[in-house]
Amino acid sequence: MGSPMATTCLIDRYAAYLPVTPRTPRIALGEGGTPLVRAPRLEAETGVREVWLKVEGMNPTGSFKDRGMVLAVAKAMEEGAASVICASTGNTAASAAAYAARAGLECAVVLPAGHVALGKLAQAIVFGARVIAVRGSFDDALVVVKELAAGGEATLVNSINPYRIEGQKTAAFEICETLGDAPDALFIPVGNAGNITAYWKGFVEAARTGMATRGVRMFGFQAAGAAPIVHGRPVAEPRTIATAIRIGNPASWKSAVEARDASGGAIEAVTDEEILDAYRFLAGCEGVFCEPASAASVAGLRQRARRGALEGIERIVCVLTGNGLKDPDTAKSFSPSLTEVAPTAEDVRAAIRALS
Ligand code: AN7
């Protein structure tokens, strides 16, 4: 029996909707149940009646990956696996490392050298994963881990593992429960395209099981320098400040396009400048600190609002996929050196004035 303050178990909460058995271990670190925060300044700017932020950075390792990882690792345990492996731009690695530690499994993470945000790297290290950096992109790392997993060396926990998608679809359920129905539209960043696939699956199931009475238009956003789905071809050398979505050949490409087309949505590009603008707007005007990749959803919303491309859309949820603390270097780049003064009221007052 849990006390009222005990961590709820996402697997238990949605067991009826997930491929679990009584033997699936109920591991939990507090994943899911993240806040849906209203965004009045974005409503004022875009003219949309309701804009909500699904703050997935509140998950235990600071990203949405925890929803899928808890299930992928539980199923790996159930199936008797001894180790898990993934390629990652950082968040999958942090999440896999945490749940593997909890489950007592070995974990190896393969990262693109030089392109993983500091906080994510710190997590993978401290959670005890074997951290390998490859001289190549995320896409190169994914090819390698697929080969190792196919050889039976470890269970693959990237989002091509179907349990990841199953776990992640629970975010769509939570949104329907909190709002009392599905929203008109979901705005979401797209990298490897697992999450847009998961939300679509969740919203379709929500409509089928009575959690929602309506469909949702799915709007996905890639970084302009890493926008293979937008351009209709893989990008050999993806480039963006939003390292989480620096992906040139998404594994779930086809299902992302299906979600887009079946829902009457779109997958579009936002520039790094638009991403960073949205990132600072969210923090400075809404009090919500997300990582740069997450701000792609809001950058897309603002871009569409400027073009007048939100007709008929009155209630929007933007998914903020990861916590801003993941990437301290990007945050700090806006104020590289601090003003240092003597510890007197006079000097501090003058310094504050100088910054206003
Ligand atoms: C904050 O961790 O691909 O489209 O290896 O970390 O489901 O890939 C992360 C992706 C958006 C894109 N926002 O989601 C990884 C990884 C954040 C992310 C995405 C990621 P998908």
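The values are calculated or read from the model by the stated rules, or taken from the named source; none is laboratory data. This is a predicted model, so every value here is computed, not measured. Side chains are part of the model used for accessible areas, which takes the heavy atoms of the whole protein and leaves out ligands, DNA and RNA. Shrake-Rupley method; radii C 1.70, N 1.55, O 1.52, S 1.80 Å.
For the chain, compute Rh as the Kirkwood radius over C-alpha pairs and then the Stokes-Einstein diffusion coefficient at 37 °C and 0.692 mPa s; write the answer in µm²/s, rounded to an integer.
Answer, rounded: 159 µm²/s.
Could you state the per residue volume, in Å³, of the convex hull enclosing the Cα atoms of segment 129-176?
Once divided by residue count, the hull of segment 129-176 is 108 Å³.
Please report the projected area of segment 1-126's Cα convex hull averaged over all directions, in nm².
Value for segment 1-126: 10.6 nm².
Could you list the square roots of 5 times each eigenvalue of the Cα gyration tensor of segment 198-239, that is, the equivalent ellipsoid semi-axes, sorted largest first and rounded to whole Å?
Rounded to whole Å, the semi-axes are 32, 9, 7.
Cα atoms only: what Rg and Dmax, in Å, come out for segment 235-356?
When restricted to Cα atoms, segment 235-356 yields Rg and Dmax of 18.9, 63 Å.
So what is the relative contact order of segment 29-142, in percent, for Cα pairs below 8 Å that sit 6 or more residues apart?
Relative contact order comes out at 20 percent.
Choose one answer from Val109, Val288, Val341: the residue with the largest mean-square fluctuation in a GNM of the chain with alpha-carbon springs under 10 Å.
Judging by the Gaussian network model, the answer is Val341.
What percentage of the solvent-accessible surface of segment 206-356, computed with a 1.4 Å probe over protein heavy atoms, is contributed by carbon and sulfur atoms?
Exposed carbon and sulfur together represent 51 percent of the surface.
Relative contact order, percent, of segment 218-320 when contacts are C-alpha pairs under 8 Å separated by at least 6 residues?
28
Take the eigenvalues of the Cα gyration tensor for segment 128-246, scale each by 5, and report the square roots as semi-axes in whole Å, largest first.
Semi-axes (√(5λ), whole Å): 30, 19, 11.
Run the reach check for Lys54 against lysines, Cα to Cα strictly under 23 Å, same-chain hits fewer than 8 apart removed. What comes back?
Leaving aside lysines fewer than 8 places away in the same chain, those within reach of Lys54 are Lys65, Lys120, Lys169, Lys201, Lys326.
Of the candidates Ala342, Ala244, Ala207, which one comes out as most mobile in a Gaussian network treatment of the chain with C-alpha springs shorter than 10 Å?
Highest fluctuation of the listed residues: Ala342.
Multiply the residue separation of Glu147 and Arg349 by 0.36 nm, subtract the distance between their alpha-carbon atoms, and state the gained length in nm to one decimal.
Contour length minus the Cα-Cα distance gives 66.7 nm.
Return the sequence-ordered ³J(HN,Hα) values of segment 109-122 in whole Hz as given by the Karplus equation 6.51 cos²θ - 1.76 cosθ + 1.60 applied to θ = phi - 60°, using x for Gly and Pro.
Using θ = phi - 60°, the values come out as 10, 10, 10, x, 4, x, 10, 10, 5, 4, x, 5, 4, 4 Hz.
Hey, what does the equivalent ellipsoid look like for segment 78-167, semi-axes from the Cα gyration tensor as sqrt of 5 times each eigenvalue, largest first, whole Å?
19, 15, 11
Give a residue-ordered list of calculated ³J(HN,Hα) values for segment 148-158 (Karplus: 6.51 cos²θ - 1.76 cosθ + 1.60, θ = phi - 60°; whole Hz; x for Gly, Pro).
Using θ = phi - 60°, the values come out as 5, 5, 5, x, x, 6, 6, 7, 6, 10, 6 Hz.
Can you give me the accessible area per residue for segment 120-225, using a 1.4 Å probe, in Å²?
38
What accessible area per residue, rounded to a whole number of Å², is obtained for segment 243-282 using a probe radius of 1.4 Å?
Roughly 40 Å² per residue, with all protein chains present.
Distance between Cα centroids, segment 131-169 to segment 201-255: provide it in whole Å.
18
Report D for segment 41-87 in µm² per second (integer): Stokes-Einstein, Kirkwood Rh on Cα pairs, 4 °C, 1.567 mPa s.
In µm²/s, the coefficient rounds to 95.
When the Cα atoms of segment 181-259 are enclosed in a convex hull and the volume is divided per residue, what value in Å³ results?
Convex hull of Cα atoms, per residue: 81 Å³.
Amide H neighbours of Glu268 under 5 Å, at least 5 residues apart or on other chains, H built in the peptide plane: list them.
Residues meeting the criterion, in which the H sits 1.01 Å from N, are Gly220, Phe221, Gln222.
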